[in-house]
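Step one of this worksheet: look at the structure below.
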């Protein structure tokens, strides 16, 4: 159980505070409710570009990292389809340094032609390195395009093309900044050795005078139901063949998300999971296999990916996966197997709550998902999932017409 208090400033900034006396540190997490799904089809990659631009300096802090390092802190950031997070971890007595730095870049980020040019080069190089020049690096471009036709999940977080970022103007970037990087579109969550009243005083001091932006307005098109299987085979510069099998899933807040999430654990969590035990160890069809769910705010994907063992065709490898999925659809999962997965999930959550950073980030994520109180309720929701729930979900999910198959073959 993570106890916290919530306060909302007059400009709309939501502040969540968790007091933790067990650590000398504090985690400062600023979540902006903007991700790649909020981009325009001809201007993709902007949310990820801002992950870099936000470190380019601001009016009163031209160097973001140096003051934080002098305060004994560290920082990082990440971008998703749905939101962008910036965080600092530092000694509790130096918390105000994080308030100063984060408030200054929310109010007055330095979006100059020179700063933009530097970060454009960095992001374009990252695109080339991770997507164009890395084996299987463009897999998310293909899976997104295969599975989504109208929703902006049809492009990955890094963007559709490096040219979208390379061609961005300062006016484009400033418009994106004004639209999304404002207090009423952000959640500040703080966890660590703090006093709530002192944190609120700092919050009012550093963020209280930042004007609210216009209310974010989203009109995201709903993806229509998929009616036929999607297939794509690529002859690429890859060392060995690889297969990807994707299925459309409910959104993160849909009740059916929980059995979907547990199904991925049954399939591929650890060496006792079904896919590893049967297809890697026993049948030796794969040298590697994994399964995961994207857990998007809008309906997302469950993906199974693997590399067939030497001498095994991609057709036989895919047939072996489908055979395991069919078994899930035909035979209800044993209660003992389900309980094992549920208790492993519960222990993972308990362990994660020993980290002040995890607690701060979870508070922010659950606040935009539904409300932060929800993070204290979800373990019970997972534990309440039944074998019948998993059976029903498997039958609904693992259908050919709900799937996309992506195959890589060496040139």
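The values are calculated or read from the model by the stated rules, or taken from the named source; none is laboratory data. It should be emphasised that the depicted structure is a prediction, and the values quoted were computed from it without experimental measurement. When we count neighbours, we look across all protein chains shown, and the Cβ atoms used for this are built from the backbone with ideal geometry, even at glycine.
Things to note:
- Meets criteria (modelled with pLDDT of 95 or more, more than 30 Å from residue 251 (Cβ to Cβ) and in contact with a strand residue (DSSP E or B) (Cβ under 6 Å, 6 or more places away or on another chain)) for residue 169: no
- Elements of the type helices (runs of 4 or more DSSP H) sitting completely within segment 312-411 and holding at least 3 residues that are over 19 Å from residue 258 (Cα atoms): these cover 314-330, 356-369.
Matching residues to (1) farther than 23 Å from residue 361 by Cβ; (2) in contact with a helix residue (DSSP H, G or I) (Cβ under 6 Å, 6 or more places away or on another chain); (3) assigned by TED's automatic domain parsing to the domain that holds residue 105:
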| position | (1), (2), (3) |
| --- | --- |
| 30 | no, yes, yes |
| 33 | no, yes, yes |
| 37 | no, yes, yes |
| 40 | yes, no, yes |
| 46 | no, yes, yes |
| 50 | no, no, yes |
| 54 | no, yes, yes |
| 57 | yes, no, yes |
| 66 | yes, no, yes |
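- Only listed residue being modelled with pLDDT under 95, within 18 Å of the chain's Cα centre (by Cα) and surrounded by 15 or more Cβ atoms within 10 Å (Cβ to Cβ), chosen from 302, 369: 369
- For residue 149, the conditions (1) within 20 Å of residue 405 (Cα to Cα); (2) surrounded by 14 or more Cβ atoms within 10 Å (Cβ to Cβ) are fulfilled apart from (2).
- As for segment 226-248, it holds no residue that is free of Cβ contacts under 8 Å to residues at least 40 places away in the same chain and surrounded by 17 or more Cβ atoms within 10 Å (Cβ to Cβ).
Matching residues to (1) within 20 Å of the chain's Cα centre (by Cα); (2) free of Cβ contacts under 8 Å to residues at least 24 places away in the same chain; (3) within 24 Å of residue 175 (Cβ to Cβ):
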{"position": "8", "(1), (2), (3)": "no, yes, no"}
{"position": "13", "(1), (2), (3)": "no, no, yes"}
{"position": "19", "(1), (2), (3)": "no, no, no"}
{"position": "34", "(1), (2), (3)": "yes, no, yes"}
{"position": "45", "(1), (2), (3)": "yes, no, yes"}
{"position": "66", "(1), (2), (3)": "no, yes, no"}
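- Complete set of residues in segment 161-182 that are under 30 Å from residue 25 (Cα atoms) and either in a loop (DSSP other than H, G, I, E, B) or over 21 Å from the mean Cα position of the chain (by Cα) (or both): 181, 182
- Residue check, residue 316 closer than 27 Å to residue 140 by Cα, under 27 Å from the mean Cα position of the chain (by Cα) and in the same structural domain as residue 257 (by TED's automatic domain parsing): no
- Within segment 160-172, the set of residues being touching a helix residue (DSSP H, G or I) at 6+ places or on another chain (Cβ under 6 Å) and crowded, with 19+ Cβ neighbours inside 10 Å comprises 162, 165.
- Filter result for residue 104 (assigned to a loop (DSSP other than H, G, I, E, B) and without any contact (Cβ under 8 Å) to a residue 60 or more places away in the chain): no
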